[in-house]
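Values quoted throughout were computed directly from the atomic coordinates according to the rules given, and no laboratory measurement underlies them. Fair warning: this is a prediction, and the values are worked out from it, not measured in the lab. Counting neighbours? That spans all protein chains shown, and the Cβs are built from the backbone with ideal geometry, glycine included.
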Amino acid sequence: MLQVVQNIFKVPELKRRILITLALLVVYRIGSHIPTPGIDGVALSEFFARQKDTILGFVDMFSGGALGRLTIFALGIMPYISASIILQLLTVVVPYLERLAKEGEQGRKKITQYTRYGTVILSAIQALGISFGLEGMHSQGGAPVVPYPGWSFRFVTVLTLTAGTAFLMWLGEQITERGIGNGISLIIFAGIVDRLPSAIFLTIERIQIGELKIFSILGILVLIIFVVAAVVVMQQAVRKIPVQYAKRVVGRKIYGGQNTHIPLRVNTPGVIPVIFASSIIVFPATIARFIKHPWTQAIAENLSPGHMLHTVLYAAFIIFFCYFYTAIIFNPTDLADNMKKYGGFIPGVRPGKKTALYIDSVLTRITLAGAIFLALIAILPELLITTMNVPFFFGGTALLIVVGVALDTVQQIESHLLTRHYEGFMKKGRLRGRR
């Protein structure tokens, strides 16, 4: 491992990318401590101390604690993810967007631009709802969170939070383009990991005062280790479809004739369905909580973690986005056409349409297994940890994101090392990427 770390700094481009990524993540963490104007920080902290097991605590986890402090990055990157989901859904039903998606790089640039516009609009709507909600919040002692409410406070809050999300979106794009790994995923990763030290210290305090038993902590540690191991195994699991290429004679040379396979990933979309499902549930629940009406409060309560409606919808959204995202990034028809073009075929399956249907059927079955796995890992630890009175929300969702993003980033680093003939993290074989 030490030799691998040394090799990383022997590759100038890889070294530069890693340093850029770390620098931009430091900027993100600094911004997560710059407060929004017009807020009583003490009163807000007391209010959020009572919200750790609600939907607000769930949102606060994804923002790295920025929402609980109401910093300029309080909305986090969730508006961008929500806008991406909306654009991808519209790509399927709107012909104009469907044509853009098929136009290659230029079309993707236009869709990215529309996603940015959507992010700003969603951020402004969420920020306005938060500003109204903050004006009705009070600490346990009755002190208002917003000492001077009114439209001036609302305007400043909307402007600050929207600009913060736009800046985060730019940071994520810069990390993806100039750094290492997926920028948006790494921002979420950094926000979750940042909360681990304080959560560990709080857990130790609860053990000391007797609120948590040592056997419960050992059980949770075993559960976390099991989840991490299961996620690593599933992220790397593939279903190999054998492929044979017929011999072709071109001039005096013979091409083809070899046997190979198509590696279909059991979990093709990775942690994207978990992030998408989280953002879909978080958006309406957050807005509903800030609107003081019995109906909206009931909706927000039922969409909070630990409630049956939240659990069912969360699992359903994860399974849906597993299939949806797999259909976007993997096209069996194109794969079958390319195989036919180069003389490849699956033994026992006719080339062309039959091959596409066969690949699609296999992909559907293994995607179901991967989707159910993601849903179980995301929900079961959440329920168990809630019943064990753990003082931090670090269940299956956070573990899936942290482990998945870490695997993606390590795989990219290893690719850089192996292309330059350096030894990677794995001496035997290579980490398989998701794409």
For ILE241, distant residues with modelled amide H under 5 Å away: ILE262, LEU264
task: May I ask for the net charge around ILE111, where only other residues with Cβ less than 14 Å from the Cβ of ILE111 are counted and Lys, Arg are +1 while Asp, Glu are -1?
output: +2
- prompt: Tell me, what is the FRET efficiency for LEU22 and LEU202 to the nearest 0.05, using R0 = 22 angstrom and their Cβ-Cβ distance as r?
  reply: 0.25
message: Skipping prolines and chain starts, which residues have an amide H placed within reach, meaning under 5 Å, of the one on ILE180, given they are 5 or more residues away or on another chain?
response: THR21
task: May I ask you to sort TYR325, TYR245 by Cβ crowding, counting other Cβ atoms within 10 Å and putting the fewest first?
output: TYR245, TYR325
- prompt: How do TYR28, TYR148 line up, fewest other C-beta atoms within 10 Å first?
  reply: TYR148, TYR28
Whole-Hz ³J(HN,Hα) from phi, Karplus 6.51 cos²θ - 1.76 cosθ + 1.60, for the stretch 187-197, glycine and proline x: 5, 5, 4, 5, x, 6, 5, 4, 8, 4, x
statement: The FRET efficiency for PHE155 and ARG239, from their Cβ-Cβ distance with R0 = 60 Å and rounded to 0.05, is 0.65
task: Evaluate the distance, in nm, between pseudo-label points positioned 7 Å from the Cα of ALA143 and of VAL362 along their respective Cα→Cβ axes.
output: 6.4 nm
- request: Give me the net charge of LEU24's neighbourhood, meaning all other residues with Cβ under 14 Å from the Cβ of LEU24; Lys, Arg count +1, Asp, Glu -1.
  value: +2
message: Check which residues have an amide H placed less than 5 Å from THR71's amide H, if you skip close sequence neighbours.
response: THR36
task: Output ³J(HN,Hα) for the stretch 164-169: one whole-Hz value per residue in order, computed from phi by the Karplus curve 6.51 cos²θ - 1.76 cosθ + 1.60 with θ = phi - 60°, and x for Gly and Pro.
output: x, 5, 4, 5, 4, 4
message: Counting only other residues whose beta carbon sits under 13 Å from that of ALA336, what net charge do I get with K and R as +1, D and E as -1?
response: +2
- prompt: Residue-wise, which Karplus ³J(HN,Hα) couplings in Hz belong to the stretch 12-24, taking 6.51 cos²θ - 1.76 cosθ + 1.60, θ = phi - 60°, and x for glycine or proline?
  reply: x, 5, 5, 4, 5, 5, 5, 5, 5, 4, 4, 5, 5
- line: Extension length gain for ILE125 and GLN258 (0.36 nm per residue less Cα distance), in nm, is 42.2 nm
